[in-house]
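This report refers to the structure that appears directly beneath it.
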Amino acid sequence: MELNLIKSIAWSFAKKTGIEFDDLFQEACIIWLEEESRFDPSKGCKKTTYMHSILKQQLTNVLISGKYQAGNSVENETLNELTPEYYLSMKDMIISLPREAKMLCQMIFESPHEFLVSNKPKHCRGQAAKQLRKRGWSWPKIWKTFKVMKTALNEN
């Protein structure tokens, strides 16, 4: 079994769909074991090439079937906490932030569904980075802003 290939495909699907990597990795391993016996080397194709294609196709079919949902999305209760009152309670911290960090806070409060896609901070940072890149922010500016915000949150 080519674990690196399986991990790579499962990871790319996890990043694109928001579904847990472990679930996709497990599903990909099962697909590998089921499909490995169907590989025919006489067709002139490398096994890894064949399995790569099959894994992508079968994982796509699994996702279309609805077996897995992006279960790590932020619950409505969390989004409901982002009220004007909550914003005001963080006012002093936000005022002390540099301009870029204030802009990011404003974007998050205005459209939390675009930025808060997960209960995991790493996923939220990734989604926020994508949204900021769409708005023309450079990578150094994005990561500097994240670092400033993380520092400010840890101080409060």
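Structure above, values below:
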| quantity | calculated |
| --- | --- |
| Residue ID - surrounded by the fewest Cβ atoms within 10 Å (Cβ to Cβ), chosen from residues in the range 1-37 that are among the polar types (S, T, N, Q) and at pLDDT below 90 | S37 |
| Hits in the range 1-22 (condition: farther than 25 Å from G66 by Cβ and part of a helix (DSSP H, G or I)) | L3, N4, L5 |
| Where a residue in the range 23-38 is assigned to a helix (DSSP H, G or I) and its partner, wherever it lies, is among the aromatic types (F, W, Y), with Cβ under 6 Å and at least six apart | D23/Y68; L24/F13 |
| Total residues in the range 140-156, condition at pLDDT below 75 and basic (K, R) | 0 |
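The values are calculated or read from the model by the stated rules, or taken from the named source; none is laboratory data. The structure presented is a predicted model; accordingly, all values stated were derived computationally and were not measured. Reconstructed Cβ throughout: ideal geometry from the backbone, glycine too, with neighbour counts over all protein chains shown.
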